[in-house]
Amino acid sequence: MNERIRHLLPNDRMKIFKEKPFFEDAETVLTLLYQPLISIKGVAVFQALWKESNFQQSQTSISHHQMMNMLNMTLDEFYDARKKLEAIGLLHSYKEEGTYRTLYYVLQRPFSVNRFFEDPMLSVLLEHHVGRDVYLRLKKRLVNVPSLPTNIQSVTHSFDDVFTTIHPNHMVDNQLIEEEESISIQTQLPLEWLHKMLTQQKIHAQKVLTQANIEYIEKIIKVYDVDFLELEKALIWAINEDQQFDRKEFQDMCKDIFYKKHGSVPPRLYSKASQDEQPTNKQSETNQNTEQPKSKEGQLIQHFNNITHRELLEDFSSSGRASMKEVDMITNMMEEHGLTQPVMNVLVDYVLKRNGNKLSKNYLETIAAHWSREDIQSAKDAMQIAKREHHMYETWKQKKSQNQRKQQRSKEVLPKWFEEERKNKRKSTQPAQEPKKQINTGESQKKREELEAFIKNYSKTKH
């Protein structure tokens, strides 16, 4: 508030101008693409200034108090929204001191849909604010890509194919001059150092450090907080075998650097005032990382704290290269479940060792979801829960093996010789009972003969 009082008061006047006519899709772009970055108040202020500029005469002005009443917001809220508009590139502000202080607001044309998604900084920040799924849906809905047949070939002639404005004898000289001038591009990057570094790596620096690539690099390293020393590693990584600068590879490498330094929360737009109020333990973490632990477990924890999952996959690979598909999968999973980089490193290491150096997405995501619910925040906690789960798995595996052996014993077929031996043992016990059976059989035979004789004699006497 003290800052706002020094720079803006309710009685200060405002004059509003539009630098260029806006694109037809300006309303859509402001609402769906800019709003997640600068908040609904930022968009409301811009739209109010936009509408006012359509009716305001060049010699007239209104007070900020009038604008406050129109927007139903305090002057502090207006000033905060104005700063966001200036920072995102939608507004330029100028002041004129006099009887009344007058602010000149020059509205900048919002990007078109296509230009917004082509801008590396805005598109990356939007993806981190709304999530990858929403980002891709917005891009699919808003970006109009002409659907031409796949079997056609371009026969369009370019300007250089048809025209030339210089004599052919001077073509080479002009090209050399053009290359020399390209080095003097206006940028904050240390171009001389980058040229020297790429040349030492036997990379054609002029081919990589074009004006478009330099602008892209500047925006990406600003989003992902990459310093110049880290830039060297990211830049070399992003150059492919054909010495072409791969922007996707560069962004992924910068993203890894960001997560390694700041954890799993993706880069977003924060107000510096609110950021300063939040306590940080970065200094204490740095001190802990510089101390060399003595125990093996401590060294392993420090290792997981100081690397990215890309570097971890490179260590497991015999070629020293990580699969970009796996790197993207792990990065998205880490963001989705809110796991820190050290915790994700432990998880990847655990799954690779448990699963025969294979990264199963379903298996990895099941454990990631579980650790997220358990609120695992450090490599030490992740290692402890991994050990506990591994012990439970080994115990369950041992019990299962024992049960299987019991079932196998009950179902196994006895050998033939064992059955014959058992029958022989039974027969050896039977002879002791045979005499009794024979006696019983003889007595019954004798009785039967006597009965037959009696019946025979009885029939004779009767006749």
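The one condition from (1) closer than 22 Å to Val29 by Cβ; (2) in contact (Cβ under 8 Å) with a residue 40 or more places away in the chain; (3) not charged (D, E, K, R) that Ser93 does not meet is (2). Any idea which of Leu8, Leu33, Leu107 is more than 28 Å from Tyr135 (Cα to Cα) and of a type outside the set (Lys, Arg)? Answer to the selection: Leu8.
Within segment 186-197, residues that are assigned by TED's automatic domain parsing to the domain that holds Ile217 have Cβ atoms under 7 Å from residues that are crowded, with 16+ Cβ neighbours inside 10 Å and part of a loop (DSSP other than H, G, I, E, B) in these pairs: Leu191/Leu209; Leu194/Leu209; His195/Leu209, counting only partners at least 6 apart in sequence or on another chain. Taking every residue in segment 293-304 that is under 16 Å from Asp381 (Cβ atoms) and pairing it with any residue that is modelled with pLDDT of 85 or more and in a loop (DSSP other than H, G, I, E, B), at least 6 positions away or on another chain, the pairs with Cβ-Cβ distances below 9 Å are Ile301/Ser378. Out of Glu19, Glu96, Glu86, Glu3, one residue alone is charged (D, E, K, R), in contact with a Ser or Thr (Cβ under 8 Å, 6 or more places away or on another chain), closer than 26 Å to Val223 by Cβ and loosely packed, with under 15 Cβ neighbours inside 10 Å. It is Glu86.
When we screen Ser274, Ser317 for residues that are loosely packed, with under 14 Cβ neighbours inside 10 Å and either touching a strand residue (DSSP E or B) at 6+ places or on another chain (Cβ under 6 Å) or at pLDDT 80 or above (or both), the only hit is Ser317.
Table: residues versus (1) more than 23 Å from Glu335 (Cα to Cα); (2) free of Cβ contacts under 8 Å to residues at least 24 places away in the same chain; (3) not assigned by TED's automatic domain parsing to the domain that holds His65.
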| position | (1), (2), (3) |
| --- | --- |
| Thr99 | yes, yes, no |
| Tyr104 | yes, no, no |
| Pro120 | no, no, yes |
| Leu126 | no, no, yes |
| Lys139 | no, yes, yes |
| Asn151 | yes, yes, yes |
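Inspect segment 79-93 for any residue being at positive phi and modelled with pLDDT of 90 or more and give the result as yes or no. Within segment 79-93, one or more residues are at positive phi and modelled with pLDDT of 90 or more.
Within segment 74-96, one or more residues are among the β-branched types (Val, Ile, Thr), under 19 Å from Glu19 (Cβ atoms) and in a helix (DSSP H, G or I). For residues in segment 233-246 being in contact with a helix residue (DSSP H, G or I) (Cβ under 6 Å, 6 or more places away or on another chain) and part of a helix (DSSP H, G or I), which is surrounded by the most Cβ atoms within 10 Å (Cβ to Cβ)? Top of the filtered list is Ala234. Scanning segment 236-270 for residues that are aromatic (Phe, Trp, Tyr) and within 13 Å of the chain's Cα centre (by Cα), which turns out farthest from Glu215 (Cα to Cα)? Per the criteria, the residue is Tyr259.
Table: residues versus (1) at pLDDT below 70; (2) part of a helix (DSSP H, G or I); (3) charged (D, E, K, R).
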{"site": "Leu148", "(1), (2), (3)": "no, no, no"}
{"site": "Gln153", "(1), (2), (3)": "no, no, no"}
{"site": "Asp160", "(1), (2), (3)": "no, yes, yes"}
{"site": "Thr165", "(1), (2), (3)": "yes, no, no"}
{"site": "Asp173", "(1), (2), (3)": "yes, yes, yes"}
{"site": "Glu180", "(1), (2), (3)": "yes, yes, yes"}
{"site": "Ile185", "(1), (2), (3)": "yes, no, no"}
{"site": "Leu189", "(1), (2), (3)": "no, no, no"}
{"site": "Thr199", "(1), (2), (3)": "no, yes, no"}
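If you go through segment 320-342 and keep only what is surrounded by fewer than 16 Cβ atoms within 10 Å (Cβ to Cβ) and in contact (Cβ under 8 Å) with a residue 60 or more places away in the chain, you end up with Met324, Asp328, Asn332, Gly338. Taking the criterion of being surrounded by 16 or more Cβ atoms within 10 Å (Cβ to Cβ) and in a loop (DSSP other than H, G, I, E, B), the residues of segment 343-402 that qualify are Leu359, Ile376, Gln377.
Please work out if Phe46 is within 41 Å of the chain's Cα centre (by Cα) and in a loop (DSSP other than H, G, I, E, B). So Phe46 fails the test.
The values are calculated or read from the model by the stated rules, or taken from the named source; none is laboratory data. Here the structure is a predicted model, which means the values were calculated and not measured. When we count neighbours, we look across all protein chains shown, and the Cβ atoms used for this are built from the backbone with ideal geometry, even at glycine.
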